[in-house]
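> A single structure is presented below for examination.
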Amino acid sequence: MATLIVVVAALVLYPIYYLIEASLTISDPNVRPPTAFGFDNYLALPNYWTIILNTVVVSFVATIMALAFGFVTAWILTRTNVPYQRTLEQLIVAPYYVTPLLGALAWSLLGAPESGFINQLWRHFGGEGHLIDITSPMGIAWVMALFEGSVAFVMIGAVMKSMDPSLEEASQIVGAGRWRTMLRVTLPLVAPGVLGAAIFVFAEMLGSFSAALVLGTPARFYVITTAIYQLVSQYPPRFPLAAAMGVSLFAVMFLMLFMYRRITSRRSYVTISGKAFRPRQMDVGRLRWVLFAVCVFYVFLSVVLPIATLVFVSLQKLSLSFPSFGSFTLDNFRQALSLNAVRSAMWNSVALGIATATIGVLLTGMLAWLIQRSRLPGRGVLEYIVMFPQAVPRLVFAFGMMWAWLVFPIPIYGTFWILLIAYLTVFLPLGVRTISGVIMQLDKSLDECGQVCGASWGYRLRSITVPLLKPGLLAAWLLIFVSSVRELGASILLMGPNSKVITPAIAEAWFSTSSELTAAMALIQTFVIGLATLLFAELTRRASRHGEKA
């Protein structure tokens, strides 16, 4: 336990220490170690009040929209008899596997004021100006909300599934209609869960980077994450001011997630008692097809339309709203696959994803087991440290790692190894939370029986625990792999010339090459993620069936 606490604390707290040190540095940042400290960088933050206001406004609006998407779809799929319910539940989670960067690229092609396809069609049919502006604050918030709506759906849907339907039935018996029941009964009962989801999603929005980078940077609209990136990337870089922005953002996110954990840990709002109940769904009649269309429309906007747009653009020599037959080509895919930089970045991403997922499952599996099943002192401290990266925006964490490893005796900055360390650290909460959920479902008596029979801890782990945990371990492996391949914030500041990975390479290509080639690169990445998802989903199903037979 002591060894694990030291190792995890070194991974998590070492970069944070250097991030705070950098934010307090008022001497020459090129001199290491710093010779003078103060609060000058924090006192300079009010000069950037426009950027702070942009961040708050975009995050707030995006959170409201994401909650609307999540609440409506969760209510439809948990409280009504909408057709094809299980299929819709799987589809609404699909935006998680479509990278936010891909969505931002696609919506930029669709809604840019001058060149966006939607605005070109608008002017073609007689409209003036532009119909939508996806580079505006509301446009950026829209794209962010589309991809966080699935997170809100999962969190709110879990609350709705555990709510006693007799309360809603009592409302309808006394004459309230379906919509009045939803507004006056369902919504107040799930309000604490919705509030917890709101705080979590808002914290995620504060640290969002992809949409603001792609959509806001060309229009000179900055939020805190893109401002940090600009301060670090410019010459000369302004590391101390960027660090002060990062620490401030981290402090706000930490407070929001602390509030989220406090809210979700309370039980006073739970409607489940000792009396048995079975969740029942309302028969909404013909309206169920309208509600079905609402769910399908969300999937269309967040998954189908972005991918279709990128396919349409990637198959053209020059992207046009009304292309001729001769303008279609496969050259963009050939060029993307022939470029050494793209092939190298894709291979690095896959190799890094496999290494991160494999080592991460071993590490987080051990951590989850010790946190959930051991009686060793320090479990609470270990769990707190493991969950700490969830409160740090990944771009901010990457900046802390960059500042920390530049002075490390072993020169690993800009190499494959620093990316591996960064990924292992930022995905600790994801792996531990996924595996812990499965461990909590296992009866302790299974392990105790082996102990009574004289089996050692290692033998019990190999022969009893790991086989039963196999579906959860495979699910954690897949989630960490997908998250690693699609990660942008944790890698854009850390990769070097010989350690490029695909997502930052796509972002760089968007600003330096053609949109057609960038679309082809994004689709290749999506294909790799989709193939891995299907492969390991099948492995997980087989493992689950094997476990049931056993």
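The values are calculated or read from the model by the stated rules, or taken from the named source; none is laboratory data. Keep in mind that this is a model prediction, so the values were computed, not measured. Ideal geometry is used to build each Cβ from the backbone, glycine not excepted, and the neighbour counts take in all protein chains shown.
> Within segment 44-53, is even one residue in contact with an Asp or Glu (Cβ under 8 Å, 6 or more places away or on another chain), surrounded by fewer than 21 Cβ atoms within 10 Å (Cβ to Cβ) and not in a helix (DSSP H, G or I)? Break it down stepwise before answering.
If we filter segment 44-53 for residues that are in contact with an Asp or Glu (Cβ under 8 Å, 6 or more places away or on another chain), which is where we start, we get none.
Checked against the condition, which is being in contact with an Asp or Glu (Cβ under 8 Å, 6 or more places away or on another chain), surrounded by fewer than 21 Cβ atoms within 10 Å (Cβ to Cβ) and not in a helix (DSSP H, G or I), segment 44-53 yields no hits at all.
> Sticking with this one: Against the conditions (1) within 20 Å of Val303 (Cβ to Cβ); (2) aromatic (Phe, Trp, Tyr); (3) modelled with pLDDT of 85 or more, where does Phe536 fall short? Just the number, please.
Going through the list (1) within 20 Å of Val303 (Cβ to Cβ); (2) aromatic (Phe, Trp, Tyr); (3) modelled with pLDDT of 85 or more, Phe536 breaks only (3).
> Another question, then. Could you pull out the residue among Phe117, Phe125, Phe69 that is among the aromatic types (Phe, Trp, Tyr) and closer than 30 Å to Leu478 by Cα? Step through it out loud before you land on a result.
Values: Phe117 fails: closer than 30 Å to Leu478 by Cα; Phe125 fails: closer than 30 Å to Leu478 by Cα.
Going through Phe117, Phe125, Phe69 in turn, the sole match is Phe69.
> With respect to the numbered conditions (1) more than 17 Å from Phe416 (Cβ to Cβ); (2) of a type in the set (S, T, N, Q); (3) within 27 Å of the chain's Cα centre (by Cα), which one is the sole condition not fulfilled by Thr358?
With respect to (1) more than 17 Å from Phe416 (Cβ to Cβ); (2) of a type in the set (S, T, N, Q); (3) within 27 Å of the chain's Cα centre (by Cα), Thr358 is out only on (1).
> Name the helices (runs of 4 or more DSSP H) wholly within segment 285-387 that hold at least 1 residues that are of a type in the set (Lys, Arg) and loosely packed, with under 15 Cβ neighbours inside 10 Å?
It comes to 331-338, 340-373.
> Which residue out of Leu77, Leu110 is surrounded by fewer than 24 Cβ atoms within 10 Å (Cβ to Cβ), at pLDDT 90 or above and either outside any helix (DSSP H, G or I) or among the hydrophobic types (A, V, I, L, M, F, W, C) (or both)? Steps first, please.
Values: Leu77 fails: at pLDDT 90 or above.
Answer to the check: Leu110.
> Kindly indicate the residue of segment 1-43 that is farther than 30 Å from Leu376 by Cβ and of a type in the set (S, T, N, Q) and also modelled with the lowest pLDDT among those meeting that condition.
Per the criteria, the residue is Asn30.
> Are there any pairs with C-beta distances below 6 angstrom linking a residue in segment 366-395 that is not assigned by TED's automatic domain parsing to the domain that holds Leu255 to a residue that is outside any helix (DSSP H, G or I) and surrounded by 21 or more Cβ atoms within 10 Å (Cβ to Cβ), with the two at least 6 apart or on different chains, and if so which?
Close Cβ pairs (under 6 Å, with a partner that is outside any helix (DSSP H, G or I) and surrounded by 21 or more Cβ atoms within 10 Å (Cβ to Cβ)) amount to Pro393/Gly207; Arg394/Gly489; Arg394/Ala490; Leu395/Phe209; Leu395/Gly489.
> Name the one entry in Arg280, Arg262, Arg266 that is of a type in the set (Lys, Arg) and at pLDDT 70 or above.
Working: Arg280 fails: at pLDDT 70 or above; Arg266 fails: at pLDDT 70 or above.
Of the residues listed, the single one that is of a type in the set (Lys, Arg) and at pLDDT 70 or above is Arg262.
> Name the residues in segment 116-138 that are closer than 18 Å to Ile307 by Cα and either without any contact (Cβ under 8 Å) to a residue 24 or more places away in the chain or under 22 Å from the mean Cα position of the chain (by Cα) (or both), would you? Break it down into steps so the answer makes sense when it comes.
Quick first cut of segment 116-138, residues closer than 18 Å to Ile307 by Cα only: 116-118, 134.
Passing the criteria: Gly116, Ile118, Ile134.
> Hey, another quick one. Within segment 476-516, which residues are outside any helix (DSSP H, G or I) and among the charged types (D, E, K, R)? Reasoning before the result, please.
To start, the set of residues in segment 476-516 that are outside any helix (DSSP H, G or I) comprises 487-501, 513-514.
Within segment 476-516, Glu487, Lys500 meet the criteria.
> Look at Val223 and say whether it is outside the structural domain of Val426 (by TED's automatic domain parsing), modelled with pLDDT of 90 or more, in contact with a Gly (Cβ under 9 Å, 6 or more places away or on another chain) and not hydroxyl-bearing (Ser, Thr, Tyr).
Numbers: outside the structural domain of Val426 (by TED's automatic domain parsing): yes; modelled with pLDDT of 90 or more: yes; in contact with a Gly (Cβ under 9 Å, 6 or more places away or on another chain): yes; not hydroxyl-bearing (Ser, Thr, Tyr): yes.
Yes: the conditions hold for Val223.
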